[in-house]
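The values are calculated or read from the model by the stated rules, or taken from the named source; none is laboratory data. This structure is a prediction, so every number in the text was calculated from the model and none was measured. Because the Cβ atoms are built from the backbone with ideal geometry, glycine has one as well, and the counts that use them run over all protein chains shown.
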Amino acid sequence: MANIIDGKAISQAIKDEVKAKVADLNGKGIYPCLAVILVGNDPASAVYVGNKKKACEYTGIKSVSYELPEETTQEELLSLIDKLNKDDSVNGILCQLPLPGHIVEDAIIRAISPLKDVDGFHPETVGKMVIGEKGFLPCTPAGVIELLKRSGVDINGKECVVVGRSNIVGKPMSILLLRENGTVTTCHSRTKNLKEVCKRADILVVAIGKPKFIDDEYVKEGATVIDVGIHRGADNKLCGDVDYDKVAPVAGLITPVPGGVGPMTIAMLLKNCAESVTG
């Protein structure tokens, strides 16, 4: 039976490290501040924003919240972002996705200054990640790297398979594993022989948005399995992209859902925000 990677405990350790850093910055008269923008009334987004506010409060990072109505225009949102870009008291800007359909997400992502892009989504930020320059890393993939390292998993030289190629998780995940000297294969909907490819993996990261898609037939004995997905089943229980009950007996290490990757995303956001102050 696999050992469980405890995302709650690891994220708490990171938040405590951020808290200590913020206290040190406060002692020097520096007060990190995160601006959070929520457009519309998507219930899941509202929960995420609430969690981010609580986490900011815990670590001592000041948070300012802009909760805008659904009918907010793209021009109004861009104007707010421009104002926050120019506000020296704000170190990080986060615009909660998804946005209402009449707003072009890419335009909003590009409008946020790369110096305040604590989500790590701006094309300039992504470019720096690809070539290995210092900059903000996207929170979920960076959180997965921390989970692996703090669980004693050596990525160096390992066969790593990422299932999913989204701009938010899959692609940056592959790049960050490559930066840690993993041998990386990225799989997607057109991949042939998916089971065989996954079964080669020492480290399998799944981010495809399909509940319980990956079962024991995809997993090598003793592999480390990271489940980025989160879904609510017909029984109202949360589950991931991995069929935990079938995979846990085969894997060496596995992340649960909930309590695995999820808590890491906010922890890494706070880490980025604290680091934005010192560059």
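So here's what we get for this one:
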| item | result |
| --- | --- |
| Region 32-63, residues that are closer than 16 Å to Met268 by Cβ and among the hydrophobic types (A, V, I, L, M, F, W, C) | Leu34, Val36, Ala55, Cys56, Ile61 |
| Unmet criterion (only one of (1) more than 18 Å from Tyr48 (Cβ to Cβ); (2) surrounded by fewer than 24 Cβ atoms within 10 Å (Cβ to Cβ)) for Asn91 | (2) |
| Residue check, Val22 surrounded by 15 or more Cβ atoms within 10 Å (Cβ to Cβ), under 30 Å from Pro98 (Cβ atoms), modelled with pLDDT of 95 or more and not assigned by TED's automatic domain parsing to the domain that holds Leu99 | yes |
| Hits in region 217-238 (condition: within 30 Å of Pro43 (Cα to Cα) and modelled with pLDDT of 95 or more) | Val225, Ile226, Asp227, Val228, Gly229 |
| Failed criterion for Cys139 (all others in (1) surrounded by fewer than 23 Cβ atoms within 10 Å (Cβ to Cβ); (2) in contact (Cβ under 8 Å) with a residue 60 or more places away in the chain hold) | (1) |
| Residue ID - surrounded by the fewest Cβ atoms within 10 Å (Cβ to Cβ), chosen from residues in region 30-88 that are basic (Lys, Arg) and within 19 Å of the chain's Cα centre (by Cα) | Lys54 |
| Those residues of region 163-173 which are part of a helix (DSSP H, G or I) and closer than 18 Å to Val242 by Cβ, in sequence order | Gly170, Met173 |
| Residues of region 186-198 satisfying the condition of being surrounded by 17 or more Cβ atoms within 10 Å (Cβ to Cβ) and either polar (S, T, N, Q) or not in a helix (DSSP H, G or I) (or both) | Thr186, Cys187 |
| Complete set of residues in region 222-274 that are in contact (Cβ under 8 Å) with a residue 60 or more places away in the chain and acidic (Asp, Glu) | Asp241 |
| Residue check for Ile112: surrounded by 21 or more Cβ atoms within 10 Å (Cβ to Cβ) and touching a Lys or Arg at 6+ places or on another chain (Cβ under 7 Å) | no |
| Some residue of region 204-216 being closer than 15 Å to Ala251 by Cβ and either acidic (Asp, Glu) or modelled with pLDDT under 95 (or both) | yes |
